[in-house]
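Written out below as structure tokens is the structure these notes cover.
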Amino acid sequence: MLDRLMGGRRLTSEQKGRVPPGQYVTEKFPVLHYGSVPQTDLGAWDFRVWGEVENPFSLDWTVFQALPHTSVHTDIHCVTRWSKLDVDFAGVPIRAILDLAQPKPAARYVVAHCEKGYTTNLPLEVLADDDVLLADTYAGQPLAPEHGFPLRLFVPKRYFWKSAKWLRGLEFLAADSPGFWERYGYHNDGDPWQEERFSE
Amino acid sequence: MTSTSPTLGAAADQARAEVRGLIAGKGHAVDAARLVIERLERAFVASALHRTPALDQALRDLSLVLVGEDRTALGGKSPEAARLILRAVDRALDEA
């Protein structure tokens, strides 16, 4: 009943098994961020990788587009309790970025840096999962500005604030460093199946 | 510039009380955040409070949250972010 009041839909038993505890399913794609939506000039855009890597690099949009792309069909879960099933994102698999960057043995954590100073942190072992993308496409179309155009991190096994919009770089670190929401009370790990929403 | 020892005295007490009053007041968190930033900056200029790494981080983050022409231009997470950061400001005040 609550699901339907919240704009959800009737689910099959198989779908119900894909919804983490405390979540409702929506067919909408809510827009949640702070500040205003950045206006991105692709001609001036770049993406940087630095920190505990053998090969720090920076690349522009044209070079980024030439990297191998793949798609992921999965479900996403927001800490604000909505989940969206059967989404299709596409972009550069994180494996391609890791192959280029060559993280040093000391690299254990990654901070994603975005427009407007937004950051979020992840263990490298979470970032390195097969379904993690640097996503530039949703449902076959370039990301909408409010959903992160031109590029967002896509980490579907974590609450969606970890899938940082307007991504501009990845910093590899030996020690963990909390990101924006994590500094102010969101859970450091953000696993929806463990309901890791808040740390306090 | 930052200091590790909290500021003492009537001006410090008044600044902390006024900032905490703004944080605890009724009203929109985004409006409260703008007022807190302004009050803290005045306290720093008057040396009533010292900057600390925690306060500087919170003020930097607040400025990011409040980027926009007006309250209606801000994303839906701005009020929540402002509330959470203001709680951090409250906690950090005693060291300032």
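At-a-glance table
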| item | result |
| --- | --- |
| Selection from the stretch A:118-150 of residues that are in a loop (DSSP other than H, G, I, E, B), over 14 Å from residue A:45 (Cβ atoms) and not small (Gly, Ala, Ser) | A:118, A:129, A:130, A:131, A:132 |
| All positions within the stretch A:28-60 that are over 21 Å from residue A:121 (Cβ atoms), within 19 Å of the chain's Cα centre (by Cα), more than 14 Å from chain B (Cβ to nearest Cβ) and among the charged types (D, E, K, R) | A:46 |
| Unique match (being part of a strand (DSSP E or B) and more than 22 Å from residue B:77 (Cα to Cα)) among A:153, A:85, A:100 | A:85 |
| Looking only at the stretch A:156-194, and only at residues there that are in a strand (DSSP E or B) and of a type outside the set (A, V, I, L, M), the one that is nearest to residue A:105 (Cα to Cα) | A:172 |
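For every residue, the table says whether it meets (1) of a type outside the set (A, V, I, L, M); (2) within 14 Å of another protein chain (Cβ to nearest Cβ).
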residue: A:167; (1), (2): no, no
residue: A:185; (1), (2): yes, yes
residue: A:188; (1), (2): yes, no
residue: A:196; (1), (2): yes, no
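Every number in this text was worked out from the coordinates using simple rules, so none of it is lab data. In this text the structure is predicted, and so the values were computed from the model without any measurement. Note that we place each Cβ from the backbone using ideal geometry, even for glycine, and neighbour counts take in every protein chain shown.
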